[in-house]
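Written out below as structure tokens is the structure these notes cover.
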């Protein structure tokens, strides 16, 4: 049994029915469409920016922050450790502390 949609006559009939259905659809003005869009926007749940940011962080991989330092006296090391502690307080961030070898300074 042949599918009537596969014949040329069936395709033409299907096209005529589709055009007739489109022509019978009610025409809406742009202001009515805009009113529907505003109503849909107003009905959407309101979320705070912090909730949106939390969702973005939850969906993203952790941010890695390498903290590389060189310190002769230890002062720069303390600053680098403070930077690492600050990075650890940020949600979704990881820090790694690395010290350059002191051999670079020796001659």
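Of note:
- Residue within region 12-24 that is in contact with a strand residue (DSSP E or B) (Cβ under 9 Å, 6 or more places away or on another chain) and either part of a loop (DSSP other than H, G, I, E, B) or at pLDDT below 70 (or both) present: no
- Scanning region 42-56 for residues that are closer than 23 Å to residue 93 by Cβ, outside any loop (DSSP other than H, G, I, E, B) and either without any contact (Cβ under 8 Å) to a residue 24 or more places away in the chain or in contact with a strand residue (DSSP E or B) (Cβ under 8 Å, 6 or more places away or on another chain) (or both) yields 49, 50, 51, 52, 53, 55, 56.
The values are calculated or read from the model by the stated rules, or taken from the named source; none is laboratory data. These numbers come from a predicted model, not from an experiment. Every residue, glycine as well, gets a Cβ built from its backbone with ideal geometry; the counts of neighbours run over all protein chains shown.
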